[in-house]
Each structure stands twice: as C-alpha cells, then as structure tokens.
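Chemist: After the structure tokens below, expect a handful of questions from me.
The values are calculated or read from the model by the stated rules, or taken from the named source; none is laboratory data. Remember, predicted model here, so these are calculated numbers, not experimental data. A quick note on method: Cβ atoms are made from the backbone with ideal geometry, for glycine too, and the neighbour counts reach across all protein chains shown.
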C-alpha cells in the first residue's frame with residue numbers, strides 16, 4: 001500500500017494558508033523512510049528469520065529459507081509497522097513469532113503454573129530469561145544469552161541484553177545496514193498495539209497520522225529522549241502519547257470507538273478464562289502472562305460519521321495542547337460543569353480509547369472514600385435502570401483476569417488507580433495504566449510542558465509553525 005505521506009492532496013498540504021498546517025505536513029512528509037532504509041529493514045528481517053530457524057529449530061527449516069514449514073518468523077512490530085517513524089534514528093523493533101505458541105506467553109509455559117502459589121523473584125525470572133532455556137517446550141531463542149550469541153555471529157554489534165524488562169529484549173546495531181534494532185521472542189504486545197494504531201490511522205490518514213508525527217517529535221524533545229534515547233524524564237513511551245492523540249480525537253468526535261461493541265466476558269471457571277481464544281498472553285518477564293484482548297473493528301462502525309470531517313492536522317494539534325493544558329482556574333468557587341469537556345481533569349477523568357476517549361474515574365484521585373455508589377455512577381453516565389440492573393447482576397458473578405474490572409467504563413476500575421495522578425488505560429490490557437508509577441511532581445511537569453506549548457501557539461496565532469513548538473522548554 002502506498003504511503004499517504006507520498007500522496008498528500010494539495011488542499012490538505014496547504015489548508016487555507018495555515019503556516020502550522022503547512023509545516024506539520026511537510027515535517028510528516030520528510031519522515032518517510034528512504035527506499036534504501038526500507039530495503040535494509042526487509043533484508044535484515046529475512047536474514048533474521050532464516051538464521052533463527054537454522055539455529056534454534058533446524059529440523060523444520062525448509063531449504064534454509066522462509067517457508068510454511070518453518071517454526072519461526074521474524075516480523076517488524078514497532079511504529080515502523082504502521083508508518084510511525086519520525087526519522088532515521090527510530091529503532092527498528094523486531095519480534096520472533098513462534099507458530100507453536102500463537103497466543104504468546106501461554107499458560108502452559110508460565111513460570112508460575114496454574115494452581116501454584118509460589119512466585120519467583122525478579123532476580124530468578126531475570127536469570128531464567130537470560131540463560132539457556134530449561135523448558136523443553138521453549139527453544140533457546142527465548143533466552144537472551146543464546147539469542148545474543150546467534151545475532152553476534154551475523155556481525156551485529158553493540159548487543160545489549162535486557163532480561164529484567166516486562167518484555168525481555170536484545171538491543172543491537174547492524175553496521176552493514178546502519179540500523180539500531182530491538183529483538184524479542186514472541187511477546188505479542190507490540191504486534192497488537194501497532195495493529196490497533198494502524199486501524200485508527202487508516203480512518204484518518206491526513207489528520208491522525210501527521211498529528212502523531214508532531215506529538216511524537218514534540219515529546220521526544222520535551223522528555224529528553226532527543227539527547228538520550230534511553231531516558232525519558234516523564235517515564236512515558238511514545239505508545240501512550242499515541243493513545244492520548246486517539247482519545248482526544250474520539251473526545252471531539254473526529255474518531256469512532258473501534259471497541260464500542262467489545263464486552264467484558266464473564267467466565268464461569270478459570271479454565272474457561274484461560275481457554276478464551278480472543279485473549280493473548282504477554283509480558284514474558286513476569287511469573288504469569290498478562291491477558292490482552294485482541295478484538296477491535298478494523299473499519300468504521302456502521303452509521304458512524306465524524307462530527308468535524310473538515311478538521312485539519314493543525315487544528316487537531318492546537319486542540320490537543322489546549323485540551324490537555326490544566327484548567328487555568330481549577331479552584332474557582334463555582335466550577336462550570338462544562339470545564340471537564342474543555343480541559344482534561346486528572347483528578348476526575350482517565351484517558352481511555354477503549355471506552356471512547358475520556359471517561360470519569362470511578363474514584364477521584366487520592367479519594368479513598370467512594371464518592372458515590374456504583375448505581376449512582378452509572379446513572380450519571382446515562383445508563384438506563386434496566387442496563388444498571390443487568391450490570392449489577394453481572395458484577396455478582398465470579399470473574400477472572402481483566403473481567404474483574406471489565407473495561408473500566410461501568411464504575412469498577414483497578415483499586416491502585418486512585419493513587420495514580422495520570423491514568424492512560426491500555427486498550428488491550430485493560431487493567432494496565434501506562435502512567436503507573438510516575439510521581440505527582442513529574443506528572444505536573446509533563447502537563448506544564450503541554451500548557452507552555454499551548455501558550456506559544458496562542459501567542460503566535462496564525463504565524464505559528466511546527467518548529468516553534470519543537471523547542472526544548474525550560
């Protein structure tokens with residue numbers, strides 16, 4: 001499929017002479033990988049697939065080449081897979097897919113088996129993911145030391161093993177193709193995360209895509225990653241920044257909710273939960289896999305229409321910084337009920353593309369006493385009495401995994417979220433908050449940067465360009 005960056009309609013590129021729009025679109029256009037880089041990535045992907053099959057499962061390798069008989073396939077799983085590269089310095093994320101474990105970190109290979117109450121320490125998990133595998137079901141490509149040795153045999157340099165991450169991975173540099181790379185074995189997190197973003201970018205190629213490019217570039221500079229790619233002072237990766245963009249466009253009615261029809265399942269037994277084919281299991285750096293929901297629409301919901309079909313990328317970027325800027329008068333004695341629609345409120349709201357953008361917290365930030373009971377929460381969200389009774393009945397049933405809280409849109413959310421200032425809910429791993437563990441003062445600094453950028457855009461008005469906001473703020 002041709003990249004939309006290479007075929008931007010003239011009226012989109014220079015919408016009404018808006019300098020911000022012109023500069024955003026040109027920057028996005030310039031981030032298109034060169035043909036040489038594209039060829040290099042594909043060449044390396046094929047080489048990795050061939051080598052890993054020969055090394056770790058030679059009995060099934062077909063003529064030394066990629067083929068249907070091979071157990072492993074290496075694929076690109078990072079932002080490159082949906083066209084989200086922001087420049088030649090972007091790492092290429094590779095994943096080794098294992099056809100023997102199509103659901104990833106499946107229960108049959110959990111370090112803490114079903115029925116066991118014994119959890120391994122972080123150090124023990126790290127050791128297992130580093131040294132050759134002792135599990136007969138898992139070849140040594142699941143362990144970083146043998147995988148690293150294999151990659152170094154291909155001439156890769158600067159290898160760095162990271163067994164302590166939730167997704168253990170190997171970093172390396174390809175000196176022939178000039179590529180910085182990450183490689184991990186069969187954790188499907190990136191595969192589905194990027195498929196999710198791709199689905200939304202296809203619906204909005206000339207608003208969401210250039211908006212993501214702008215916000216990722218902005219965050220790279222403000223977080224310090226431009227100077228040190230291994231460090232972010234705000235503790236967020238680029239993925240939750242993408243989720244914030246999607247949630248904002250849902251909030252203003254420009255994007256639909258591709259998970260609108262997804263319902264939290266109620267499992268009668270643990271076996272039923274573990275056997276649900278809709279789930280995949282991720283995070284091999286844990287005692288047990290974390291369940292991730294893979295269902296979402298790939299096209300527009302029937303009958304859905306954008307409330308602002310003429311929205312430009314520049315308008316979306318301006319709106320993003322305005323909306324996520326803290327309310328300029330949060331302590332006013334008579335708050336305007338519309339304030340939460342105009343400005344995101346970390347104390348009362350969470351970011352959740354899963355539930356259509358921005359939804360209320362079940363419990364306010366740091367308020368350990370429930371404001372209202374569940375039924376009151378649901379009434380405020382305009383649920384009918386019949387719907388409320390059905391939900392209450394469902395909550396009485398035994399649930400497993402993320403079913404214990406559901407999607408988080410019906411008044412039940414993970415208890416720990418009450419102590420987390422910013423909640424960016426993962427749309428597939430429903431109980432995961434991408435801003436978990438970020439201190440209060442760091443969150444404030446993050447939103448201060450957003451507010452300062454908004455002020456720059458407001459001050460410069462129509463004269464603003466993307467270069468004006470891509471400067472390091474104090």
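Chemist: What number of residues within region 275-312 satisfy the criterion of being surrounded by 14 or more Cβ atoms within 10 Å (Cβ to Cβ) and under 23 Å from residue 95 (Cβ atoms)?
Modeler: Residues in region 275-312 being surrounded by 14 or more Cβ atoms within 10 Å (Cβ to Cβ) and under 23 Å from residue 95 (Cβ atoms): 18 in total.
Chemist: Quick one: how many residues across region 56-87 are at pLDDT 95 or above and either surrounded by fewer than 17 Cβ atoms within 10 Å (Cβ to Cβ) or out of contact with any strand residue (DSSP E or B) (no Cβ under 9 Å at 6 or more places or on another chain) (or both)?
Modeler: Number satisfying all stated conditions: 1.
Chemist: From the list 165, 138, 183, 120, which residue is touching a strand residue (DSSP E or B) at 6+ places or on another chain (Cβ under 6 Å) and either surrounded by 14 or more Cβ atoms within 10 Å (Cβ to Cβ) or part of a strand (DSSP E or B) (or both)?
Modeler: That would be 183, the only listed residue that is touching a strand residue (DSSP E or B) at 6+ places or on another chain (Cβ under 6 Å) and either surrounded by 14 or more Cβ atoms within 10 Å (Cβ to Cβ) or part of a strand (DSSP E or B) (or both).
Chemist: All but one of (1) over 22 Å from residue 92 (Cβ atoms); (2) in contact with a helix residue (DSSP H, G or I) (Cβ under 7 Å, 6 or more places away or on another chain); (3) surrounded by fewer than 21 Cβ atoms within 10 Å (Cβ to Cβ) hold for residue 248, so report the exception by its number.
Modeler: (3)
Chemist: For region 1-59, give me every one of the helices (runs of 4 or more DSSP H) that falls completely inside it and has 3 or more residues that are within 19 Å of residue 318 (Cβ to Cβ) and in contact with a helix residue (DSSP H, G or I) (Cβ under 7 Å, 6 or more places away or on another chain).
Modeler: Those helices (runs of 4 or more DSSP H) span 19-30.
Chemist: Residue 198 - would you say it is outside the structural domain of residue 253 (by TED's automatic domain parsing), at pLDDT 95 or above and in contact with a strand residue (DSSP E or B) (Cβ under 6 Å, 6 or more places away or on another chain)?
Modeler: Details: outside the structural domain of residue 253 (by TED's automatic domain parsing): yes; at pLDDT 95 or above: yes; in contact with a strand residue (DSSP E or B) (Cβ under 6 Å, 6 or more places away or on another chain): no.
So residue 198 fails the test.
Chemist: Exactly one of these conditions fails for residue 12: (1) modelled with pLDDT under 95; (2) surrounded by fewer than 15 Cβ atoms within 10 Å (Cβ to Cβ). Give me its number.
Modeler: The one condition residue 12 does not meet is (2).
Chemist: Can you name the residue in region 207-222 that is surrounded by 21 or more Cβ atoms within 10 Å (Cβ to Cβ) and more than 18 Å from the chain's Cα centre (by Cα) and is also modelled with the highest pLDDT among such residues?
Modeler: Ranking the candidates gives 207 first.
Chemist: If you don't mind, another one. What pairs can you find where one residue is in region 37-64 and over 28 Å from residue 87 (Cα atoms), the other is modelled with pLDDT under 90 and surrounded by 18 or more Cβ atoms within 10 Å (Cβ to Cβ), and their Cβ atoms are less than 6 Å apart, with a gap of 6+ or different chains?
Modeler: The qualifying pairs are 53/61; 54/61.
Chemist: Another question, if that's okay. Check whether at least one residue in region 331-338 is surrounded by fewer than 20 Cβ atoms within 10 Å (Cβ to Cβ), at pLDDT below 90 and under 14 Å from residue 251 (Cα atoms), and report yes or no.
Modeler: yes
Chemist: Taking the stated definitions as given, is residue 288 touching a helix residue (DSSP H, G or I) at 6+ places or on another chain (Cβ under 9 Å) and in a helix (DSSP H, G or I)? Let's see the steps before the verdict.
Modeler: Details: touching a helix residue (DSSP H, G or I) at 6+ places or on another chain (Cβ under 9 Å): yes; in a helix (DSSP H, G or I): no.
Here the answer is no, as residue 288 does not meet what is asked.
Chemist: Would you mind telling me which numbered condition in (1) touching a strand residue (DSSP E or B) at 6+ places or on another chain (Cβ under 6 Å); (2) at pLDDT 95 or above residue 409 fails?
Modeler: Among (1) touching a strand residue (DSSP E or B) at 6+ places or on another chain (Cβ under 6 Å); (2) at pLDDT 95 or above, the lone unmet condition for residue 409 is (2).
Chemist: Exactly one condition in (1) in a strand (DSSP E or B); (2) modelled with pLDDT under 95 is not met by residue 172; state its number.
Modeler: (2)
Chemist: Any idea how many residues of region 271-284 are in a loop (DSSP other than H, G, I, E, B) and touching a strand residue (DSSP E or B) at 6+ places or on another chain (Cβ under 9 Å)?
Modeler: Residues in region 271-284 being in a loop (DSSP other than H, G, I, E, B) and touching a strand residue (DSSP E or B) at 6+ places or on another chain (Cβ under 9 Å): 4 in total.
Chemist: Using the structure shown, decide if residue 147 is crowded, with 22+ Cβ neighbours inside 10 Å, touching a helix residue (DSSP H, G or I) at 6+ places or on another chain (Cβ under 6 Å), at pLDDT 95 or above and assigned to a helix (DSSP H, G or I).
Modeler: Taking the combined requirement at face value, the residue satisfies it.
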